[in-house]
Amino acid sequence: MVTLEKMHEQIAKLQARADALIAKRSTAAIEKIRSIMVEHGLTTADIEAHIGGKKRGRKLGAQAARKSAGVAKYHDPRSGATWTGHGRAPAWIANASDRTKFLIGGTAAIAVTKAGEKATSVRRHGARGAAAKANGKLPPKYRDPKTGATWSGHARPPAWIKNVKDRSKYLIAS
């Protein structure tokens, strides 16, 4: 039966043989490289100059070079932290019902309807888009007369209107 000590001895002998073989191969490779360098009249400085000028990976394109971190749109008055409005909202603004109070001046056009009423944001989508975004739903455009089900006209059509050629029968009068 083979003992643990004999196995460690065998491992040490095999490791020594492997190290000797690696050293022999590396010596042969170095000699081959050296002979090629002598044959072509190259020095290590020539190789370093050639390799030093080249970088790995892609070069920065015009678009990647131009891209910046972004301009901050929101500011936390307590901590002084800022947020661009892109990506996940930080904790200090995530649960805010009205983010306009965190806006950095002049970032969005704020329309005040009447004195004392809440201000609404009319930035990109106009009044209807802002209202639709606020409650998360679009107003229904089509209604099924049998069931009363509605569809906004966006996303996939429901089964009751999917195969209908003339959808004008289902339009809700505006």
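Just one of the listed residues (Ala65, Ala89, Ala72, Ala45) is at pLDDT below 90 and within 30 Å of Gly136 (Cα to Cα), and it is Ala72. Out of Trp160, Trp151, one residue alone is touching a strand residue (DSSP E or B) at 6+ places or on another chain (Cβ under 8 Å), modelled with pLDDT of 90 or more and among the aromatic types (Phe, Trp, Tyr). It is Trp151. In region 85-97, the residue that is farthest from Ala69 (Cα to Cα) out of those that are out of contact with any Lys or Arg (no Cβ under 6 Å at 6 or more places or on another chain) and either among the hydroxyl-bearing types (Ser, Thr, Tyr) or assigned to a loop (DSSP other than H, G, I, E, B) (or both) is Ser97.
The values are calculated or read from the model by the stated rules, or taken from the named source; none is laboratory data. The structure displayed is predicted, hence computed values, not measured ones. Using ideal geometry, Cβ is built from the backbone for each residue, glycine included, and neighbour counts are taken over all protein chains shown.
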